[in-house]
Amino acid sequence: MYPEYDIIVVGAGHAGCEAANAAARMGSKVLLITMNMNTIAQMSCNPAMGGVAKGQIVREIDALGGMSGIISDKSMIQFRMLNKSKGPAMWSPRTQNDRMRFAEEWRLALERNPNVDFWQEMVTGITVDNGKVTGVKTGMGIDFKAKSVILTSGTFLNGVIHIGEKQFGGGRTGEHAAKGITEQLVQLGFEAGRMKTGTPPRVDGRSLDYNKMEEQPGDENPQKFSFSHETTPLTKQRSCFITYTNPEVHETLEKGFDRSPMFNGRIQGLGPRYCPSIEDKINRFAERNRHQIFVEPEGWDTVEIYVNGFSTSLPEDIQYEAIKKIPGFEQVKMFRPGYAIEYDFFPPTQLGLTLETKLVENLFFAGQINGTTGYEEAACQGLVAGINAHQKINDLDKFTLSRSEAYIGVLIDDLINKGTNEPYRMFTSRAEHRILLRQDNADLRLTERGHQLGLASDERLQQTKEKQKQLDRLINDLNQKKVDPAIANPMLDKHGTATIQHRTTLNKLVKRPQLDIQNLKEINEDISTYLGKYDSEIIEAADIHIKYEDYIDKEMKLAQKMNELEHVKISDKMNFAEIPALSAEGREKLNKIRPATLGQASRISGVSPADISVLMVYMGR
């Protein structure tokens, strides 16, 4: 009755959407199963994409041919480049988004993909034959057959919502939890755990006094995520606002601590360390008398406001009493209270670099099921899982990214080699090669990889090659062109930097911290006319390259040296228990993770440098 599919994707959040879209565009026939087709690509938490390190991930997804960047651009209401006061490795794009438009754009994109079919129902389990997945079973007892299955279940696996002393099953407010999958996977031999996340109250923006808050407008010259010409920067933007809690707010919240599920032991799962609830912040940082609150609009036209920084699972009466004591919130009307949600996850050390499970062939996990938190982290995992599911069933090469190629590579490498005991989120500090993994060069790093897969178009590849060509030409010209002191010194004086005594190349001037390439236009009309041929993206990229050239070269050499170990393959038949010189912990971890290369083995927690030396000797290196 029902057709057999190449790939079934379970769950239509950020991971599921990217997985389904990528696999279908590569040629697989995909069935996307969701419990509610009206919540495809729902922004369950804050209405924003990107941020520190996360913005780099969105641009990497876009460069590979994924959709998150384009969808974010089409639905953004504000753009900001964060950390501009720091070095370029830290610059991170972020958009505030229209929640409803974001979901609509994702659904329309999927509906335009002829290889994607949809089914609305709960999946209760997978079907397996001889260690290989063969499909899924739904709550109504329907068996859908497929060559590969990707589970992207988000917070729905045995989800429990907590508000004070009240608790009830749910994967999200107003939506049922998913039952059956965890229990079956545990029977198959998978290890499962519990995690927790939370969300703040939503309020009526008409009831707020913005005069008591600090306005946070978008950038004066906004950019966008996608490198494609399909989207354009904003010409108008909506502002966010900043306010703060105070001791009175904290005292009110503390009155509810005895009814807090987090403090009385009802929540067993670990929550995100870097996005704690307001009660956790008050408890852990008792010396602080205020905490920042970001007041974020949920769209262009809606009055609904997301109260970022006030995530809580305290009783709703305490939430309401406390929030009214925040400046600007005195007359606030609440749409719904904040809550915590506890859900099942599967430690990601049970996966390979392709995100395929080690226990069941052709079964892939992506998103929060792997212990991550955040839309961007989920989306990039979905993209990688979708690509590899297609590659696997068509006997094509695995698709992986190294730690020196992409933040996506760092994330997946961290997950499968180190695992995680708390919701994992990406930071720039996790990437040792972050000067190479900037947001401005994601297209130069990854578009060709995406094109080889059939995801990035010919036009995108040609555009990237032209960008590289222009960038190389500009850098070379600035290395060659010289200026006389008489011509350059007035500009140097103006910017408070030392004058020159001899003819100097323009790139040496750009290396000075007080100057950038745009300042060179002030030297004379000829230079201004020449630089006017290049758009701001090329000029900024050349600026970064020239100023940080020595650091970039040093980092590239270090990455190449470290990557040598990545080319030393470890046989999948190697029995680490037979190598007596390995430490006991090293043997245990190597047998559990089953690394594919010496490089991967070196990053496994518990495997020492001495263990790597033993392996090298054993392998005859």
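The values are calculated or read from the model by the stated rules, or taken from the named source; none is laboratory data. Since the structure is predicted, the reported quantities are computational estimates derived from the model, not experimental observations. Cβ sites come from the backbone with ideal geometry, for glycine too, and all protein chains shown count toward neighbours. Accessible surface is based on the protein model in full, side chains and every heavy atom, while ligands, DNA and RNA are left aside. Shrake-Rupley method; radii C 1.70, N 1.55, O 1.52, S 1.80 Å.
The table that follows gives values for the structure above.
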item: Percentage of interatomic Cα-Cα distances in the chain larger than 42 Å; result: 29
item: Per-residue ³J(HN,Hα) for segment 148-163, Karplus 6.51 cos²θ - 1.76 cosθ + 1.60, θ = phi - 60°, Hz, x for Gly and Pro; result: 8, 10, 10, 8, 10, 8, x, 9, 8, 5, 6, x, 10, 9, 10, 9
item: Linear extension gain, L359 paired with F335, 0.36 nm per residue minus alpha-carbon span; result: 4.2 nm
item: Top positive-direction residue, dipole computed over segment 487-621 with Cβ charges, set L582, S571, M556; result: L582
item: Of all accessible heavy-atom area on segment 58-197, the percent that carbon and sulfur account for (1.4 Å); result: 51
item: Relative packing of peptides 193-204, 405-416, 516-527 - highest average C-beta neighbours within 10 Å first; result: 405-416, 193-204, 516-527
item: Long-range amide H partners of A178 with built H, under 5 Å; result: L157, N158, G159
item: Under 13 Å from K465, Cα to Cα: aspartates and glutamates that are on another chain or at least 8 residues apart; result: D443, E448
item: Phi to ³J(HN,Hα) by Karplus 6.51 cos²θ - 1.76 cosθ + 1.60 over segment 382-390, Hz, x for Gly, Pro; result: x, 4, 5, 5, x, 4, 6, 4, 4
item: Segment 46-68 versus segment 203-242: alpha-carbon centroid distance in Å; result: 18
item: At 1.567 mPa s and 4 °C, Stokes diffusion of segment 464-621 via Kirkwood alpha-carbon radius, µm² per second; result: 66
item: I293 long-range amide H proximity, modeled H, under 5 Å; result: T243, Y244, T245
item: Gain in span if fully extended, R512 to H567, counting 0.36 nm per residue against the direct Cα distance; result: 15.9 nm
item: Spatial separation of Cα centroids for segment 508-545 and segment 250-299, in angstrom; result: 47
item: Area of F294 that stays accessible when all protein chains are in place (1.4 Å probe, Å², to 10); result: 60
item: The chain: antiparallel DSSP beta bridges as a percent of all, rounded to 5; result: 70
item: Added length on full extension, which subtracts the Cα-Cα distance from 0.36 nm per residue, S528 to F168; result: 123.1 nm
item: Surface per residue (accessible, 1.4 Å probe) for the chain, Å²; result: 42
item: Distance from segment 405-458 to segment 122-152 (C-alpha centre basis), Å; result: 30
item: Entries of K54/K418; K392/K589; K84/K325 with Cα pairs more than 31 Å apart; result: K84/K325
item: Ordering of 167-175, 309-317 by packing [mean C-beta count within 10 Å, highest first]; result: 309-317, 167-175
item: Virtual spin-label span in nm between K418 and I393, 7 Å along Cα→Cβ; result: 3.4
item: Rounded to whole Hz, the Karplus (6.51, -1.76, 1.60) HN-Hα couplings of segment 545-560, x for glycine and proline; result: 4, 5, 5, 10, 4, 5, 5, 5, 4, 4, 5, 5, 5, 5, 4, 5
item: Out-of-range pairs (alpha-carbon distance over 30 Å; input K236/K547; K179/K324; K224/K533); result: K236/K547; K179/K324
item: Simple spin-label estimate for Q216 and E585 in nanometres, 7 Å along Cα-Cβ; result: 4.0
item: Proximal aspartates and glutamates to K592, defined as alpha-carbon separation beneath 17 angstrom and excluding residues fewer than eight positions away on the same chain; result: E191, E356, E361, D413, D414, D572, E578, D611
item: Long-range HN-HN contacts of A48 with modeled amide H, under 5 Å; result: N97
